[in-house]
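Trainee: The structure that follows is given in the form of structure tokens.
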Amino acid sequence: MLLNFDAGPATLPREVLDQAAKAIMEYDNTGLSILEIPHRGALFQAILDEANALVRELLNVEQEYEVLWLQGGGRLQFSMVPMNFLAEGQTAGYIDSGHWAAEAIKAARLYGQTATVASSREERYKHIPQWAGIPPELAYLHLTGNNTIFGTQFRHFPETVVPLVADMSSELFSRVLDYDKFDLIYAVAQKNIGPAGVTLVVVKKALLDKGPVRELPEILDYQVLSRHNSVLNTPPVFAIYCSLLNLRWIRGQGIKELEARNGEKAALLYKTIDESPLFYGVADVASRSSMNVCFRAYSEEYTAAFLDFALKNGITGIKGHRSVGGFRASLYNAISLEHVQQLVNVIRKFEALAT
Ligand code: PMP
């Protein structure tokens, strides 16, 4: 098997894959494959109930939050948030910290006004921009906790009276945070949760009650989706089941322990890059992400050569996003310190050959 540092779909724990593979052949002695179980029966209901309870437990949020498993990816959430909570004539605040944040702003403009309360666009998103004073009349404030493409991550979050909405796609379950600071969190599964095809939304009931601010198709209305417990239409049963398996794995590891391990992994890789004669880190040190480590070669001739060398040495998924180039190693929960050490060894070996 290759060691996969892709930003998503990303590496999942081996034991999760083993259990998922078994469930495809037969789910829990039912005589059915997990791919065949009915989505409105007791079997799937039990999967959903356990997954919802685990999400609340791991994020340490109570019953005042609804847990939804939706389709349409992060991109649909860019639109659903303003559709549901930004009325015409109102303004929503956005922190523009990277490509996905900017895409979320673009999507919101169809529904109301947007105010960019902080942006690091002019500095090529090398750091998390600093905000000063969040206007209290905003419909909500949206931020992207971890910027997958630029490798930056929030260390602290704005204090504000307006509902706080966070795209946590590339970091949910990777660190301990006061998640109840947030009124709505969303995260695509294909990074730290499970396979592509499902998006987790955790929303405070108080915010849910404020929407929808316009007439919406039922499938885009958080209230309706919540009333139907994520089963308005046929949900992606298998993706949710795999997410449950991974949530059990995360609980077994412990988020505190995962956070410590994620810190060690990132420190090891950043140290290697900082000491490298060939490579340098892209993000400002104070904003560096523990999830996506973005780096470049001083000399372009090494970019293709290193990708090729890495693959020959069993490492894949380290090509930077097509919009920025360079390299990106994603260190989500399922990547171990030993995996990172293997990547470091390959970097060192390449340096020895090239210099
Ligand atoms: N938000 C973030 C932070 C992301 O990294 C991504 C995808 N990499 C998205 C949103 C978009 O997700 P999707 O492709 O599932 O729509």
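The values are calculated or read from the model by the stated rules, or taken from the named source; none is laboratory data. All values derive from a computational prediction rather than experimental measurement. Using ideal geometry, Cβ is built from the backbone for each residue, glycine included, and neighbour counts are taken over all protein chains shown.
Trainee: Can you find a residue in the stretch 86-100 that is more than 15 Å from V203 (Cβ to Cβ), within 12 Å of the ligand (Cβ to nearest atom) and out of contact with any His (no Cβ under 9 Å at 6 or more places or on another chain)?
Mentor: Yes: one or more hits.
Trainee: Residues of the stretch 41-88 being more than 21 Å from the chain's Cα centre (by Cα), farther than 18 Å from G194 by Cα and among the charged types (D, E, K, R), which ones?
Mentor: Residues satisfying the conditions are E62, E64, E88.
Trainee: Within the stretch 312-337, work out how many residues are in contact (Cβ under 8 Å) with a residue 24 or more places away in the chain and over 17 Å from N147 (Cβ atoms). Even if it seems obvious, please write down each step before you answer.
Mentor: Let us first name the residues in the stretch 312-337 that are in contact (Cβ under 8 Å) with a residue 24 or more places away in the chain, namely 313-318, 320-321, 323-337.
This time we only want the ones that are over 17 Å from N147 (Cβ atoms), so: 313-318, 333-337.
Total satisfying the criteria: 11.
Trainee: Search the stretch 259-283 for residues that are assigned to a loop (DSSP other than H, G, I, E, B) and pair each with any residue that is loosely packed, with under 14 Cβ neighbours inside 10 Å when their beta-carbon atoms are under 6 Å apart and the residues are at least 6 apart or on different chains.
Mentor: Note: pairs meeting the criteria are P277/T355.
Trainee: Taking the conditions exactly as written (crowded, with 18+ Cβ neighbours inside 10 Å and not charged (D, E, K, R)), does G89 satisfy them or not?
Mentor: no
Trainee: Filter the stretch 26-47 down to residues that are hydrophobic (A, V, I, L, M, F, W, C) and more than 13 Å from F238 (Cβ to Cβ), then give me how many there are.
Mentor: So the count comes out to 2.
Trainee: Hey, another quick one. Given the conditions (1) under 23 Å from M291 (Cα atoms); (2) in contact with a strand residue (DSSP E or B) (Cβ under 6 Å, 6 or more places away or on another chain); (3) not aromatic (F, W, Y), report the number of the one that R14 does not fulfil.
Mentor: (2)
Trainee: Select from the stretch 305-344 the residues that are modelled with pLDDT of 95 or more and farther than 24 Å from S174 by Cβ and list them in ascending order.
Mentor: Those that are modelled with pLDDT of 95 or more and farther than 24 Å from S174 by Cβ: A305, F306, L307, D308, F309, L311, K312, N313, G314.
Trainee: Would you be able to tell me the number of residues in the stretch 265-295 that are among the charged types (D, E, K, R) and surrounded by 20 or more Cβ atoms within 10 Å (Cβ to Cβ)? So that I can check it myself, show each step before the final result.
Mentor: Applying the first criterion (among the charged types (D, E, K, R)) to the stretch 265-295 yields 265, 271, 274-275, 284, 288.
Still in the list and also surrounded by 20 or more Cβ atoms within 10 Å (Cβ to Cβ): 265, 288.
Looking only at that region, the number is 2.
Trainee: Sticking with this structure for a sec: Restricting attention to the stretch 58-85, which residues are part of a helix (DSSP H, G or I) and within 16 Å of the ligand (Cβ to nearest atom)?
Mentor: G73, G74, R75, L76, Q77, F78, S79, M80, V81, P82, M83
Trainee: Please determine, by comparing only the residues of the stretch 175-203 that are more than 14 Å from the ligand (Cβ to nearest atom) and of a type in the set (D, E, K, R), which one is surrounded by the fewest Cβ atoms within 10 Å (Cβ to Cβ).
Mentor: Top of the filtered list is D178.
Trainee: Within the stretch 316-342, can you find the residues that are among the hydrophobic types (A, V, I, L, M, F, W, C) and within 19 Å of Y280 (Cα to Cα)?
Mentor: I318, V324, F327, A329, L331, V340
Trainee: Report, by residue number, each residue of the stretch 154-174 that is within 13 Å of the ligand (Cβ to nearest atom) and either charged (D, E, K, R) or surrounded by fewer than 24 Cβ atoms within 10 Å (Cβ to Cβ) (or both).
Mentor: Within the stretch 154-174, F154, D167, E171 qualify.
Trainee: Restrict the check to the stretch 232-253 and report whether at least one residue is within 30 Å of Q90 (Cβ to Cβ), within 16 Å of the ligand (Cβ to nearest atom) and in contact (Cβ under 8 Å) with a residue 40 or more places away in the chain.
Mentor: Looking for residues that are within 30 Å of Q90 (Cβ to Cβ), within 16 Å of the ligand (Cβ to nearest atom) and in contact (Cβ under 8 Å) with a residue 40 or more places away in the chain, one finds none in the stretch 232-253, hence no.
Trainee: Based on this model, can you work out whether D209 counts as within 28 Å of P158 (Cα to Cα) and at pLDDT below 95?
Mentor: For D209, the condition - within 28 Å of P158 (Cα to Cα) and at pLDDT below 95 - is not met.
Trainee: Given the conditions (1) touching a Leu at 6+ places or on another chain (Cβ under 7 Å); (2) assigned to a loop (DSSP other than H, G, I, E, B), report the number of the one that S226 does not fulfil.
Mentor: Every condition holds for S226 apart from (2).
Trainee: Does E50 fit the bill of being touching a helix residue (DSSP H, G or I) at 6+ places or on another chain (Cβ under 9 Å) and either within 16 Å of the ligand (Cβ to nearest atom) or under 24 Å from G254 (Cβ atoms) (or both)? Before you say what the answer is, go through the steps one by one.
Mentor: Numbers: touching a helix residue (DSSP H, G or I) at 6+ places or on another chain (Cβ under 9 Å): yes; either within 16 Å of the ligand (Cβ to nearest atom) or under 24 Å from G254 (Cβ atoms) (or both): yes.
For E50, the condition - touching a helix residue (DSSP H, G or I) at 6+ places or on another chain (Cβ under 9 Å) and either within 16 Å of the ligand (Cβ to nearest atom) or under 24 Å from G254 (Cβ atoms) (or both) - is met.
Trainee: Follow-up question, since we're still on this one. Quick one: how many residues across the stretch 152-176 are of a type outside the set (S, T, Y), in contact with a Phe, Trp or Tyr (Cβ under 8 Å, 6 or more places away or on another chain) and touching a residue at least 40 places away in the same chain (Cβ under 8 Å)?
Mentor: Residues in the stretch 152-176 being of a type outside the set (S, T, Y), in contact with a Phe, Trp or Tyr (Cβ under 8 Å, 6 or more places away or on another chain) and touching a residue at least 40 places away in the same chain (Cβ under 8 Å): 5 in total.
Trainee: Out of the residues in the stretch 107-130 that are under 23 Å from L207 (Cα atoms), surrounded by fewer than 17 Cβ atoms within 10 Å (Cβ to Cβ) and touching a residue at least 12 places away in the same chain (Cβ under 8 Å), state the one that is farthest from the ligand (Cβ to nearest atom).
Mentor: Q113
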